[in-house]
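Student: My questions all concern the structure below.
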Amino acid sequence: MKKILLLLGFIFLYLSAFCQSDTTEKVYVIAADNIKAHVQPTMYGVFFEDINMAGDGGVYAELVKNRSFEFKAPLMGWKELKQDGGDGSVLVLNRGVANPDNPRFIHVTSKTPKGYGLSNEGFRGMGVKKDDQYNFSVLAKLPWVAGISLQIELISAKGEVIGSATVSPSSKEWKKYTTNFNATETDPKASLRVLVNGKGSVDLDMISLFPKDTWKQREGGLRADLVQKLADMKPGFLRFPGGCIVEGRELDTRYQWKKTIGDVADRRMIINRWNTEFAHRPTPDYYQSFGLGFLEYFELAEDIGASPLPIINCGMACQFNTCELVPLDQLGPYVKDALDLIEFANGSVKTTWGKKRAQLGHPKPFNLKMMGVGNEQWGPQYIERYKIFEKAIHARYPQIKLVSSLGPNPDGEIFDDLNKSFRKLNADILDEHYYRAPQWFLQNVKRYDNYARKGPKIFAGEYAAQSVSAGSPDNKNNWQCAIAEAAFMTGLERNADVVSMASYAPLFAHVEGWQWTPDLIWFDNLKSYGTPNYYVQQLYSLNKGTDVVPLTLDNKAVTGQEGCFASAVLDSKGHQLIIKIVNTGKMEQKADLVVNGVKPGSKGTLTVLQSDDLNGVNSLDDPLNISPKKSKIEFMGNHVKLILKQYSFCVVRVSIAE
Ligand code: AHR
């Protein structure tokens, strides 16, 4: 008997270890006729910064690295080629004042009829796809009219020619020449050769290769698969161009929007601040070509239905670096840049900058409604500068909402001082940043419950759970971080009257070119994948609804009771009720969702994002390892019963009677 009892005991322990479930059913009540807050259309957006090769080498589809020889080392990314006995020389010329925005070009002399030229390695190689068309272009000038041509070859990682064409420069003046070819193989690590056929010399600049198949087939445009990932989120806003990149490590290398529009050959390339930021992740070949410039950012926002949110430099360089400041009496040009940007975005084609926008191909205004003054700034020096911008901008454009920074941390003296000052100034939108441990996200789900309901709105402008610590190269986009963010976001949603915008950061990372982790979307030269965190963001954005309604357990908001977090919204346009419920515990739980105040239809959908493994991640090889699974559910009268699996994020949608 003793043995049997012992055996039964073991069986019980074994089973409870593997099928942990809380057998008591919990009744969650949704008061669906009691609207508590409106969800802003901007609520869930994306934060873009050219970090981790997000821009050059990433979403900007240019395949040639250092196309205009403006990197500090002018031939970085290029290699001299002497094949089949070919010989010659390359000189780097600098026309300085004659063309300050694009000073350098190369003078190539071939001493042999063939075999001499250069090759470009691309950004960790060039990703090319079999049968796709690639468009080559170059600015060329002949010192004297010589019978030479350029042989353009796409080379596979194995060294085979997988695409070729020729161009024949014919003018003694700078002229753009174009050609195209189809790739005969798929290769993530191709390279480009530019060989001179014939003896003689030629000047070359802006050597460029783009896929034809870009986002919306725009010439010289963006990588379609990466933009598609953004479009699939239906983001409410697009914040650009950052991030610390706005500030520059020093003022000289700050982001200046006027230098990023017009002919790409005239957009002065500068170093990317992330090139040198982290000693443990140096990226010496990281520069900003600005091929993705302000017109392209605005167009991107328009394409994906996001409200544009440009951030402008407010006369301060990064406070983690030089902390350089523009003296207050010399802020004029900076303020003018901000005012001109609003005119560029919204002005009629009769205004100076509206006309410029039209000349660049976009006569229709972009309907800019908000702008960030400074990125992640702090201290009295920031407040002083902000006030000058605010006065000038609101004097001319009172309807533009301004975003002001509450610094790099969500608490502490810097945060408190800024918070107090900006609330006193009755600022429009306060930008809070939190790069914290997953536990912080769970513990802070009530963060906004007691915020003042009047006054500035909150923009959770940069956040991501850090599996190790902020700035650690070992951080992973694992399920533990993603589910903590999902839980925390129920708190954002419940407080949508205070929180008007939120974005995960950073957005993109090249698997071989990153500086900062974790990141929402990872990619190589051909493929990309959304992290579990991406699917959390997507589920919130696609299910943001229009109005918050209370969801309670024992008359209390669900903010971590036995590991569960929940919120509910109505979609008044689609006549739907949307319930989000996150079980962060390792016990499966039984839930009875009771809907009061409206009549739910009998059929609904359940979308579940779940993994048994908190360390689970997605990858290029297993991109959907942790991804949403959708199924149908039946409502019985006004309620539906669910099993909330361990570590799961569930979204229930059901139509409601009009
Ligand atoms: O998202 C990465 C960086 O984190 C941003 O550039 C900056 O604003 C923050 O410190």
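The values are calculated or read from the model by the stated rules, or taken from the named source; none is laboratory data. All of these numbers come straight from a predicted model, not from anything done at the bench. Please note: Cβ atoms are built from the backbone with ideal geometry, for glycine as well, and neighbour counts cover all protein chains shown. Accessible surface is based on the protein model in full, side chains and every heavy atom, while ligands, DNA and RNA are left aside. Shrake-Rupley method; radii C 1.70, N 1.55, O 1.52, S 1.80 Å.
Student: Return yes or no: is residue 118 open to solvent by less than 20 Å² (accessible area, probe 1.4 Å), more than 16 Å from the ligand (Cβ to nearest atom) and aliphatic (A, V, I, L, M)?
Tutor: Details: open to solvent by less than 20 Å² (accessible area, probe 1.4 Å): yes; more than 16 Å from the ligand (Cβ to nearest atom): yes; aliphatic (A, V, I, L, M): yes.
Considered against the rule, which asks whether it is open to solvent by less than 20 Å² (accessible area, probe 1.4 Å), more than 16 Å from the ligand (Cβ to nearest atom) and aliphatic (A, V, I, L, M), residue 118 comes out as yes.
Student: Sort out which residues of region 433-459 are of a type in the set (Phe, Trp, Tyr) and either at positive phi or open to solvent by less than 10 Å² (accessible area, probe 1.4 Å) (or both), and write them in order of number. Show your work before the answer.
Tutor: Of all residues in region 433-459, those of a type in the set (Phe, Trp, Tyr) come to 434-435, 440-441, 448, 451, 459.
434, 441, 448, 459 - these are the residues of region 433-459 that are of a type in the set (Phe, Trp, Tyr) and either at positive phi or open to solvent by less than 10 Å² (accessible area, probe 1.4 Å) (or both).
Student: Within region 439-466, which residues are more than 16 Å from the ligand (Cβ to nearest atom), of a type outside the set (Phe, Trp, Tyr), in contact (Cβ under 8 Å) with a residue 12 or more places away in the chain and part of a loop (DSSP other than H, G, I, E, B)?
Tutor: If the condition is that a residue be more than 16 Å from the ligand (Cβ to nearest atom), of a type outside the set (Phe, Trp, Tyr), in contact (Cβ under 8 Å) with a residue 12 or more places away in the chain and part of a loop (DSSP other than H, G, I, E, B), then 444, 445, 446, 447, 449, 452, 453, 455, 456 are the ones that fit.
Student: If you don't mind, there's one more thing I want to ask. Within region 9-43, which residues are at pLDDT below 95 and assigned to a loop (DSSP other than H, G, I, E, B)?
Tutor: Within region 9-43, 19, 20 meet the criteria.
Student: Within region 216-237, track down each residue that is more than 30 Å from residue 180 (Cα to Cα) and either without any contact (Cβ under 8 Å) to a residue 24 or more places away in the chain or assigned to a loop (DSSP other than H, G, I, E, B) (or both). Steps first, please.
Tutor: Going residue by residue through region 216-237, those that are more than 30 Å from residue 180 (Cα to Cα) are 232-237.
The answer is 232, 233, 234, 235, 236.
Student: Now for a different question. Which of the numbered conditions does residue 430 fail, given that it passes all the others? Conditions: (1) within 16 Å of the ligand (Cβ to nearest atom); (2) of a type in the set (A, V, I, L, M); (3) surrounded by fewer than 17 Cβ atoms within 10 Å (Cβ to Cβ).
Tutor: Only one criterion is unmet by residue 430, namely (3).
Student: Could you list all residues from region 468-481 that are within 16 Å of the ligand (Cβ to nearest atom) and buried (at least 21 other Cβ atoms within 10 Å of the Cβ)?
Tutor: Here is the first cut: in region 468-481, the ones within 16 Å of the ligand (Cβ to nearest atom) are 468-473, 475, 477, 481.
Across region 468-481, the qualifying residues are 477, 481.
Student: Report those strands (runs of 3 or more DSSP E) wholly inside region 44-136 carrying at least 2 residues which are free of Cβ contacts under 8 Å to residues at least 60 places away in the same chain. Even if it seems obvious, please write down each step before you answer.
Tutor: Numbers: elements: 78-82, 88-94, 104-110, 116-120, 126-128.
Passing ranges, in order: 78-82, 88-94.
Student: Another question, then. Touching a residue at least 24 places away in the same chain (Cβ under 8 Å), within 25 Å of residue 53 (Cβ to Cβ), open to solvent by less than 10 Å² (accessible area, probe 1.4 Å) and of a type in the set (D, E, K, R): does that describe residue 205?
Tutor: Numbers: touching a residue at least 24 places away in the same chain (Cβ under 8 Å): yes; within 25 Å of residue 53 (Cβ to Cβ): yes; open to solvent by less than 10 Å² (accessible area, probe 1.4 Å): yes; of a type in the set (D, E, K, R): yes.
Criteria met by residue 205.
Student: For region 152-166, what are the residues that are among the hydrophobic types (A, V, I, L, M, F, W, C), within 14 Å of residue 188 (Cα to Cα) and buried (at least 17 other Cβ atoms within 10 Å of the Cβ)?
Tutor: 154, 155, 162
Student: Right, next: Failed condition for residue 282, given (1) at pLDDT 95 or above; (2) more than 13 Å from the chain's Cα centre (by Cα), with all others met?
Tutor: (1)
Student: Taking residue 262 as meeting all but one of (1) assigned to a loop (DSSP other than H, G, I, E, B); (2) buried (at least 24 other Cβ atoms within 10 Å of the Cβ), write down the number of the exception.
Tutor: Single failed check for residue 262: (2).
Student: Between 560, 545, 530, which is in contact with a strand residue (DSSP E or B) (Cβ under 6 Å, 6 or more places away or on another chain) and either acidic (Asp, Glu) or farther than 28 Å from residue 658 by Cα (or both)? Step through it out loud before you land on a result.
Tutor: Values: 560 fails: in contact with a strand residue (DSSP E or B) (Cβ under 6 Å, 6 or more places away or on another chain); 545 fails: either acidic (Asp, Glu) or farther than 28 Å from residue 658 by Cα (or both).
Exactly one of 560, 545, 530 is in contact with a strand residue (DSSP E or B) (Cβ under 6 Å, 6 or more places away or on another chain) and either acidic (Asp, Glu) or farther than 28 Å from residue 658 by Cα (or both), namely 530.
Student: Here's a follow-up. Can you tell me which condition residue 336 does not meet? The list is (1) over 26 Å from residue 377 (Cβ atoms); (2) open to solvent by 10 Å² or more (accessible area, probe 1.4 Å); (3) without any contact (Cβ under 8 Å) to a residue 12 or more places away in the chain, and all the others hold.
Tutor: Status for residue 336: all satisfied but (1).
Student: Can you tell me which residue within region 493-504, out of those that are more than 11 Å from the ligand (Cβ to nearest atom) and within 19 Å of the chain's Cα centre (by Cα), is surrounded by the most Cβ atoms within 10 Å (Cβ to Cβ)? I'd like the intermediate steps shown before the answer.
Tutor: Narrowing region 493-504 to residues more than 11 Å from the ligand (Cβ to nearest atom): 493-502.
This time we only want the ones that are within 19 Å of the chain's Cα centre (by Cα), so: 500-502.
Values: 500: 24, 501: 25, 502: 28.
Applying the filter and picking the extreme gives 502.
Yes or no, residue by residue, for (1) of a type in the set (A, V, I, L, M); (2) outside the structural domain of residue 560 (by TED's automatic domain parsing); (3) within 15 Å of the chain's Cα centre (by Cα); (4) closer than 21 Å to residue 44 by Cβ:
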{"position": "476", "(1), (2), (3), (4)": "no, no, no, no"}
{"position": "482", "(1), (2), (3), (4)": "yes, no, no, yes"}
{"position": "486", "(1), (2), (3), (4)": "yes, no, no, yes"}
{"position": "491", "(1), (2), (3), (4)": "no, no, no, yes"}
{"position": "506", "(1), (2), (3), (4)": "no, yes, yes, yes"}
{"position": "512", "(1), (2), (3), (4)": "no, yes, no, no"}
{"position": "522", "(1), (2), (3), (4)": "no, yes, yes, yes"}
{"position": "530", "(1), (2), (3), (4)": "no, yes, yes, yes"}
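Student: Only one of (1) open to solvent by less than 10 Å² (accessible area, probe 1.4 Å); (2) touching a Leu at 6+ places or on another chain (Cβ under 7 Å) is not met by residue 524, so which one is it?
Tutor: Failed condition: (1).
Student: Pull up region 592-601, narrow it to residues that are out of contact with any Phe, Trp or Tyr (no Cβ under 6 Å at 6 or more places or on another chain) and open to solvent by less than 60 Å² (accessible area, probe 1.4 Å), then point me to the one that is nearest to residue 642 (Cα to Cα).
Tutor: Kept after step one, since they are out of contact with any Phe, Trp or Tyr (no Cβ under 6 Å at 6 or more places or on another chain), are these residues of region 592-601: 592, 594-599, 601.
Add one more test, that the residue is open to solvent by less than 60 Å² (accessible area, probe 1.4 Å), and what stays is 592, 594-595, 597-598, 601.
Details: 592: 6, 594: 11, 595: 14, 597: 20, 598: 20, 601: 16 Å.
Taking the candidates together, the pick is 592.
Student: Would a scan of region 221-237 turn up a residue that is under 26 Å from residue 99 (Cβ atoms) and within 16 Å of the ligand (Cβ to nearest atom)?
Tutor: The answer is no; no qualifying residue exists.
Student: Tell me yes or no: at least one residue of region 320-337 is within 16 Å of the ligand (Cβ to nearest atom) and either part of a helix (DSSP H, G or I) or of a type outside the set (S, T, N, Q) (or both).
Tutor: From region 320-337, those within 16 Å of the ligand (Cβ to nearest atom) are 320-323; that's our starting set.
Filter once more, keeping what is either part of a helix (DSSP H, G or I) or of a type outside the set (S, T, N, Q) (or both): 320, 323.
So far as region 320-337 goes, yes, one or more of its residues are within 16 Å of the ligand (Cβ to nearest atom) and either part of a helix (DSSP H, G or I) or of a type outside the set (S, T, N, Q) (or both).
Student: Anything in region 602-645 that is among the small types (Gly, Ala, Ser), open to solvent by 20 Å² or more (accessible area, probe 1.4 Å), touching a Phe, Trp or Tyr at 6+ places or on another chain (Cβ under 8 Å) and in a strand (DSSP E or B)? List them, or say none.
Tutor: Of everything in region 602-645, just one residue is among the small types (Gly, Ala, Ser), open to solvent by 20 Å² or more (accessible area, probe 1.4 Å), touching a Phe, Trp or Tyr at 6+ places or on another chain (Cβ under 8 Å) and in a strand (DSSP E or B), namely 602.
Student: For residue 554, indicate whether it is in contact (Cβ under 8 Å) with a residue 40 or more places away in the chain and surrounded by fewer than 20 Cβ atoms within 10 Å (Cβ to Cβ). Give the derivation first.
Tutor: Values: in contact (Cβ under 8 Å) with a residue 40 or more places away in the chain: no; surrounded by fewer than 20 Cβ atoms within 10 Å (Cβ to Cβ): yes.
Criteria not met by residue 554.
Student: If you check residue 268 against the conditions, is it within 16 Å of the ligand (Cβ to nearest atom), surrounded by fewer than 20 Cβ atoms within 10 Å (Cβ to Cβ) and within 30 Å of residue 209 (Cβ to Cβ)?
Tutor: So residue 268 does not fit the description; no.
Student: I need the full set of residues from region 238-252 which are within 14 Å of the ligand (Cβ to nearest atom), part of a helix (DSSP H, G or I) and in contact with a strand residue (DSSP E or B) (Cβ under 9 Å, 6 or more places away or on another chain), in order please. Outline the logic, then answer.
Tutor: Residues of region 238-252 that are within 14 Å of the ligand (Cβ to nearest atom), as a first pass: 239-249.
Then keep just the ones that are part of a helix (DSSP H, G or I); that gives 244-246.
Once the filter is applied, which keeps residues that are within 14 Å of the ligand (Cβ to nearest atom), part of a helix (DSSP H, G or I) and in contact with a strand residue (DSSP E or B) (Cβ under 9 Å, 6 or more places away or on another chain), region 238-252 yields 245, 246.
Student: Now for a different question. Quick check on region 68-90. Is at least one of its residues under 22 Å from residue 176 (Cβ atoms), among the hydroxyl-bearing types (Ser, Thr, Tyr) and more than 16 Å from the ligand (Cβ to nearest atom)?
Tutor: Within region 68-90 (the criterion being under 22 Å from residue 176 (Cβ atoms), among the hydroxyl-bearing types (Ser, Thr, Tyr) and more than 16 Å from the ligand (Cβ to nearest atom)), the answer is yes, since at least one residue qualifies.
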